[in-house]
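The values are calculated or read from the model by the stated rules, or taken from the named source; none is laboratory data. For clarity, every value in this text was computed on a predicted model and none was experimentally measured. Every residue, glycine as well, gets a Cβ built from its backbone with ideal geometry; the counts of neighbours run over all protein chains shown.
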Amino acid sequence: MYFELTEEQKLVRQVARDFAQTKLKPGVIERDENQLFPAEQVKMLGELGFLGIMVSPEYGGSGMDAISYVLIMEELSKIDASASVVVSVNNSLVCYGLEKYGTFQQKEKFLVPLAQGEQIGAFCLSEPDAGYDATALRTTAIDMGDHYLLNGVKNWITNGNSASVYLVIAQTDATRKHKGINALIVEKGMEGFTVGAKENKMGIRGSDTHSLHFSDVKVPKENRIGEDGSGFKFAMEVLEGGRIGIAAQALGIASGAYEVALNYTKQRRAFGKALADLQATQFKLADMATEIEAARLLCFKAAWLKDNGLPFAQASSMAKLYASEVAMRTTVEAVQLHGGYGFVKEYHVERLMRDAKITQIYEGTSEIQRIVISREVLK
Ligand SMILES: Cc1cc2nc3c(=O)[nH]c(=O)nc-3n(C[C@H](O)[C@H](O)[C@H](O)COP(=O)(O)OP(=O)(O)OC[C@H]3O[C@@H](n4cnc5c(N)ncnc54)[C@H](O)[C@@H]3O)c2cc1C
């Protein structure tokens, strides 16, 4: 066991920390309030190589490991989870899937601009009547010989309007159930593809969440990822990796709220003492710090397994389940430690509390993580 980060990992963490403080923090309250997508900041994240963190340099990526990905996600999410979700989706759901399963032509055409941050991607599985149960998909991709005819609606799509490349999971042959599903690359501007209204959300309000509508969209056969019928396996596999990103996002939201609360309790006085001098406060801080460290170690473990080519489904689900629950507990407690000040926007913790909730829902709810984990432990 070796718990020390490498010099490169420490450096990249520092770069992400500085970026979050200097580029994400200014304006984060306004972006949240007005539901503004952090377009300028996302462009800068691309320039830093943070939109293709694990992609090989051959395809325009930064060639870093999954541990570095966790470090970057934690630092960005301490300040702005609406920006960090763009990093998570682009890296682990879109770039990872294309790099692992895409053809050389698909990588040249789509992966390179995505990894370099010239374009951003979206991953489209959820539908109005199908959440995690992908076998209930209603979106169809009918095989027409040289192309698929795509029809249906996707819901809750992160980067829904700002993306240029969409990986869409659709049913080609319902009689084959999950073996009849395909993953298709859909480009913005294809005839029959329209973006619905932006969702008005409780948290990650700067993130761009939309429904997508496909009406007789002709998707060329060369845009199918992997073999015919491999779309369900593809979706499940990229989500396994995606959970490391969301776990690290939850970790960052928790550690961001903890850091704000720690500073506040040292300054705020009650009954002639700093709040941090009260044992009730000290115990709360001790619990927060312990849970955050445990969540961080679960994230590192999942990332380490992935980096070493070992199975990581159980580890990434454990990391996401635990880190997202720590994010909720920590942010609620951080608001409480601020008293009335915690209830107003200027102190940041109320936003972090609202942002924390989504980490228990997307890329598989906490209940779905428990299903994955229990399936593994009962094997
Ligand atoms: C802001 C936001 C961004 C999102 N981004 C994306 C995206 O980019 N791409 C994408 O494809 N999707 C995205 N989603 C969708 C998200 O992944 C789904 O909302 C999530 O998977 C849950 O699906 P659902 O909403 O249909 O809930 P349902 O599946 O209807 O679940 C409702 C409740 O029932 C529980 N439940 C369901 N099945 C079981 C079971 N078998 N056992 C026990 N409990 C169960 C769930 O845990 C949940 O509590 C996003 C959602 C939001 C809100």
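Taking the options Leu352, Leu321, name whichever one is hydrophobic (A, V, I, L, M, F, W, C), buried (at least 24 other Cβ atoms within 10 Å of the Cβ) and within 13 Å of the ligand (Cβ to nearest atom). Spell out how you get there, then give the answer.
Working: Leu352 fails: within 13 Å of the ligand (Cβ to nearest atom).
When all the criteria are applied, what remains is Leu321.
Could you say which residue among Ala141, Ala163, Ala83 is crowded, with 24+ Cβ neighbours inside 10 Å, within 16 Å of the ligand (Cβ to nearest atom), part of a strand (DSSP E or B) and not polar (S, T, N, Q)? It would help to see each step written out before you state the result.
Working: Ala163 fails: part of a strand (DSSP E or B); Ala83 fails: part of a strand (DSSP E or B).
Result of the check over Ala141, Ala163, Ala83: Ala141.
If I ask for residues that are within 16 Å of the ligand (Cβ to nearest atom) and in contact with a helix residue (DSSP H, G or I) (Cβ under 7 Å, 6 or more places away or on another chain), which ones from the stretch 144-160 would you list? Reasoning before the result, please.
Keep residues of the stretch 144-160 that are within 16 Å of the ligand (Cβ to nearest atom), which gives 150, 152-160.
The answer is Thr158, Asn159.
State whether one or more residues within the stretch 173-183 are surrounded by fewer than 24 Cβ atoms within 10 Å (Cβ to Cβ), within 14 Å of the ligand (Cβ to nearest atom), among the small types (Gly, Ala, Ser) and under 21 Å from Leu114 (Cα atoms). Give the derivation first.
We begin by selecting, within the stretch 173-183, every residue surrounded by fewer than 24 Cβ atoms within 10 Å (Cβ to Cβ); these are 173-180.
Filter once more, so that each one left must be within 14 Å of the ligand (Cβ to nearest atom): none.
No: the stretch 173-183 contains no residue that is surrounded by fewer than 24 Cβ atoms within 10 Å (Cβ to Cβ), within 14 Å of the ligand (Cβ to nearest atom), among the small types (Gly, Ala, Ser) and under 21 Å from Leu114 (Cα atoms).
For the stretch 359-368, does any single residue satisfy the condition of being assigned to a helix (DSSP H, G or I), within 16 Å of the ligand (Cβ to nearest atom) and not polar (S, T, N, Q)?
yes
Mind telling me which of the residues Gly121, Gly131 ends up being under 23 Å from Gly192 (Cα atoms) and either at pLDDT below 95 or under 16 Å from the mean Cα position of the chain (by Cα) (or both)? Break it down stepwise before answering.
On the way: Gly131 fails: under 23 Å from Gly192 (Cα atoms).
Matching residue, one of Gly121, Gly131: Gly121.
Scan the stretch 101-138 for residues that are among the small types (Gly, Ala, Ser) and in a helix (DSSP H, G or I) and jot them down.
If the condition is that a residue be among the small types (Gly, Ala, Ser) and in a helix (DSSP H, G or I), then Ala115, Ala134, Ala136 are the ones that fit.
Taking the criterion of being buried (at least 17 other Cβ atoms within 10 Å of the Cβ), within 20 Å of Phe110 (Cα to Cα) and away from the ligand (no atom under 16 Å from the Cβ), would at least one residue in the stretch 208-217 satisfy it?
Yes, some residue in the stretch 208-217 is buried (at least 17 other Cβ atoms within 10 Å of the Cβ), within 20 Å of Phe110 (Cα to Cα) and away from the ligand (no atom under 16 Å from the Cβ).
Looking at the stretch 118-138, which of its residues are under 19 Å from Val238 (Cβ atoms) and away from the ligand (no atom under 11 Å from the Cβ)?
Result: Gln119, Ile120, Thr135.
Scanning the stretch 53-80 for residues that are in contact with a Leu (Cβ under 6 Å, 6 or more places away or on another chain) and of a type outside the set (D, E, K, R), which turns out surrounded by the fewest Cβ atoms within 10 Å (Cβ to Cβ)?
Tyr59
Suppose we keep only residues that are surrounded by fewer than 19 Cβ atoms within 10 Å (Cβ to Cβ) and not small (Gly, Ala, Ser) within the stretch 144-160. Which one would you say is nearest to the chain's Cα centre (by Cα)?
Among residues in the stretch 144-160 that are surrounded by fewer than 19 Cβ atoms within 10 Å (Cβ to Cβ) and not small (Gly, Ala, Ser), the one nearest to the chain's Cα centre (by Cα) is Val153.
Can you work out which of the residues in the stretch 1-33 that are touching a residue at least 24 places away in the same chain (Cβ under 8 Å) and among the polar types (S, T, N, Q) is surrounded by the fewest Cβ atoms within 10 Å (Cβ to Cβ)?
Here the answer is Gln21.
Would you mind finding the one in Glu237, Glu222 that is assigned to a helix (DSSP H, G or I) and over 30 Å from Met328 (Cβ atoms)?
Going through Glu237, Glu222 in turn, the sole match is Glu222.
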